[in-house]
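Throughout, read-outs are computed from the coordinates displayed, never taken from laboratory work. These numbers were taken from a predicted model, which means no experiment stands behind them. Neighbour counts run over all protein chains shown; Cβ positions are idealised from the backbone, glycine included.
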Amino acid sequence: MNIVEASGLGKRYGRTWALRECTLEIPAGRVAALVGPNGAGKTTLLNLAVGLTAPSAGEVTVLGDLRAGSPAALDGIAFVAQDTPLYKTLSVADMIYVTGGLNRRFDQPYALARLDELGIPLKRKAGKLSGGQQAQLALTLALARRPRLLVLDEPVAALDPIARHDFMATVLAAATADGVSVLLSSHVLTELERVTSYLVLITRGQVRLAGEVDDLLAAHGHASLEELALHYLRETAPEVTR
Amino acid sequence: MTALRMPGRLDSGDAALRPIPWRRMAGITWRQHRFALAGVAVLLGALAVWLWSAGTSLHNAYATATACHPASSAACQNLINIFNSSATSNVMGNKDPGGVLLQLVPALIGAFVGAPVLARELETGTFRFAWTQGFGRWRWTLAKLVLLGVVLAAATAAFGVLVSWYFQPYSGTLYEDSPFANLFSLREVTFPAWTLAAFAIGALAGMLIRRVVPAIVATLALYAGLAIAAAAFLREHYLAPLATSNLNFSLPGTGTAWTLGQWSTKDGRFAFAGNPPDSLVNQFCSSVSADKIGPLGFAPCLAQHGYTQWTSYQPASRFWPFQWIEGGWLLALAALLIAATIWLARHRAA
C-alpha cells in the first residue's frame, strides 16, 4: 500500500506553480524525507497530502486510495505544521482536551504519560513552553491520535540540537515500535540521515529523485544521503540562481 | 510486537466513518473563546446593572406620577413634569450618549468576538492544526459559529427584554418621541439580530482578511455603514407609509406615530414639500403676525386658500411588525454571511 500517491499533481498560486507534474508513490511503513531548498514546494506538497490545499492539477491520494482531506483521510493522518502551531493561550491540559474532542481516537493515557516523561506541566499555557517543549507537545498530541501516517513539516528547523535529537528520537520510536508511517520535510539532512528510509528530492516545484535510500545510494554510488542530496541540489542549482 | 499499541483500524472508506458528535465542539468552543464570552458577559452585565438602577427610579417616578390624585393639582403636575423631564435628561434620552453607547454593543461583539474567530486561526497558523483533525474543517467552522452565535443571540435577547422594560413608562402618551426613533435597534428582536449580523460580518471579514486587527477595523466600518443605512434609509420603507391630512396629527404629544414627511396639495395636485415657500406665505398669509403663528405654522392659513397639508407616517401599531421585518432581514443576512464563511473555510486553499 502507498501512504501517499500523486499523479501529475500540481499547485498554482496566481501565475506561479509551487508544484508541477508531481508523480510519486511513497510506500507505507517508511520514514520518508522530503528534501529540498527553501521554497522548493515541500510545504505545498505536504499541504496537498493532508488536505489543507486543493490541487490545481492532477490528484493525490493517501492511505491507499483515500482522497486527501476526506473524513477517512483526516482520521488516519496526523499533521504537525511548520513552527508547530498550538493555541498559545490554552493550557497543555486544554490542548489535550481539544485534540481529544476533535478526533475519533485519542490515546489520552499515552499523551499524559508522555508529557509526564518529558516533564511538561499540564497547567502551563502552551505559549509559555520552550520551543522544544512546544514541538514535543505538538508531536505527542499527533501521536496520541494513533495515526497511520504522521506528517511533519520542517519539524526540527526551529529547534536547538538537543531538542532536535529528542524530537527525532520520539518520531523514530513511533515509527519503529508502532509502525507509523512518517513523511517529513526538511531543508537540512544532518539529523535525518539515520532515520530516513525513503527519500524524495524536490527543487523548484519538481520532484528530481525519489526512492528507497539504500537503492538510491547503491545506484548513484554515493556514500551518504547528504552527499547524494547535495549532488542533486548542485545539479539543479544553476537553474535556481539563473 | 508487544510495543504495538495501535487499536483496531478502520480501513474502509468514509462510509463506515460516523461523524464525530457535534456536541464535542461545545467544550472546545468554550475553552477557546471563554475570555471573549466573559468579556461580553461583563459588558452586558455592567450595562444591565446600570439600566436596572436607572429603570427602577424611572418606573417609580412614573408610578408616583400616574397614581397622583387629583391629576390637575399643582403637586401632581410637578410630579408629571419631573417624569417628563427625565425622558430627555436621563441616561437613555435622545441627547444623552447612553443610547448611542448601547448601539455600539453589537459592533463591539462583532469586532472582538466575531472577527477573531477565524482571523486569529489564520493569522497564527493554528488553522493548520484545527483543520487537519478528524472533526473536519467545515463542520468545525459551522459548529463554532453556530454555538457562539446562539449564545450571543440569547444574551443580547435577554438584554433587549431589559431595554424594553426600561422603556415601558415612555411608551404611553406621556412621552413625545416615537418608539421607532428611540432605541429601535435595542429591543428584544432587533438587538440580537443586529448582534448576529455584526458577528457574521466579523467572521466573514476574518476569513477573507486573515488578520485580526484589519478584520476588526473592517467589521466596525461595515457594521457602522449598515446601521446608518438601516436607520437613515431602509427602516422607513419596510411598509408603505400612511398619509393623513389631519393638521393636528403631527403635533407633539398627540401620538407615538413616526412622522416621515409633509407635503401640500392644491386642487388634488402637488404644490410643495415641507414648509411653504416664502412667496406663498407673502401672497396669502402676510396678515398673520409672527407672534400669532401657532404650532401648526401657516398650514391653517393656507388651508383657507385651498391648500391641503399631508403628513406621511408609520403608525405606532407597526412597531412590532417593523421589529420583525428588521430582525428578519438581519437574520437572513447573518445566515448568508455565515454560510459564505463556511463555504470559504471548506473550499479556499489554505
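What to note about this one:
- With a 10 Å cut-off around each Cβ of A:169-182, the average count of Cβ atoms from other chains is 1.
- Annotation for segment B:258-350: trypsin sites (Lys or Arg not before Pro) lying in DSSP loop with at most 15 further Cβ atoms inside 10 Å of their Cβ are B:ARG348.
- Label separation (B:THR244 vs B:VAL217): 4.9 nm, computed from points 7 Å beyond Cα along the C-beta direction.
- Going from the fewest other Cβ atoms within 10 Å to the most, the residues B:LEU260, A:LEU183, A:LEU129 appear in the order B:LEU260, A:LEU129, A:LEU183.
- Rounded Å value of the spacing that divides the Cα centres of segment B:268-333 and segment B:34-76: 34 Å
- Relative protection proxy for A:149-156, B:134-141, A:173-180, from highest mean packing down: A:149-156, B:134-141, A:173-180 (other beta-carbon atoms within 10 angstrom).
- Taking the Cα atoms of the protein assembly as shown, the ratio Rg/Rh between the radius of gyration and the Kirkwood radius comes to 1.18.
- Note on B:LEU260/B:HIS69: beta-carbon distance plugged into 1/(1 + (r/R0)^6) with R0 of 25 Å gives a FRET efficiency of 0.05.
- Label-to-label distance, B:HIS59 versus B:ASN282, with points set 7 angstrom from Cα along the beta-carbon direction: 5.8 nm.
- Model label sites at A:LYS88 and B:PHE233, defined 7 Å from Cα along the beta-carbon direction, differ in position by 4.1 nm.
- For residues of A:40-48, the mean tally of beta carbons on other chains within 10 Å: 1
- Peptide ranges B:234-244, A:42-52, A:198-208 listed from the most packed, as the mean C-beta count within 10 angstrom indicates: A:42-52, A:198-208, B:234-244
- Electrostatic dipole magnitude of segment A:89-242 [Cβ: Lys, Arg +1; Asp, Glu -1; Cα centre; debye, to 20]: 760 debye
- Using C-alpha pairs under 8 Å with a sequence gap of at least 6, the mean separation divided by the residue count of chain A gives a relative contact order of 26 percent.
- Sorting the segments A:137-145, B:323-331 by their residues' average number of neighbouring beta-carbon atoms within 10 angstrom, most packed first, yields A:137-145, B:323-331.
- Nearest-20 debye value, the protein assembly as shown charge dipole, Cβ charges on Lys, Arg, Asp, Glu: 440 debye
- Euclidean distance between Cα centres, segment A:84-124 to segment A:3-26, Å: 33 Å
- For the pair segment A:171-242 and segment A:128-144, the centres of their Cα atoms are 25 angstrom apart.
- Entry note, chain A: the mean residue ellipticity at 222 nm calculated from DSSP H runs of n ≥ 4, each adding -39500 (n - 2.57), is -12000 deg cm²/dmol after division by the residues and rounding to the nearest 500.
- Sum of side-chain charges, A:PRO27 neighbourhood, beta-carbon under 10 Å (Lys, Arg +1; Asp, Glu -1): -2
- Here the extension length gained between B:THR308 and B:PHE35 equals 92.2 nm, from 0.36 nm per residue of separation less the Cα-Cα distance.
- Scaled to the globular estimate 2.2 N^0.38 Å, the Cα spread of segment A:122-173, given as radius of gyration, is 1.12.
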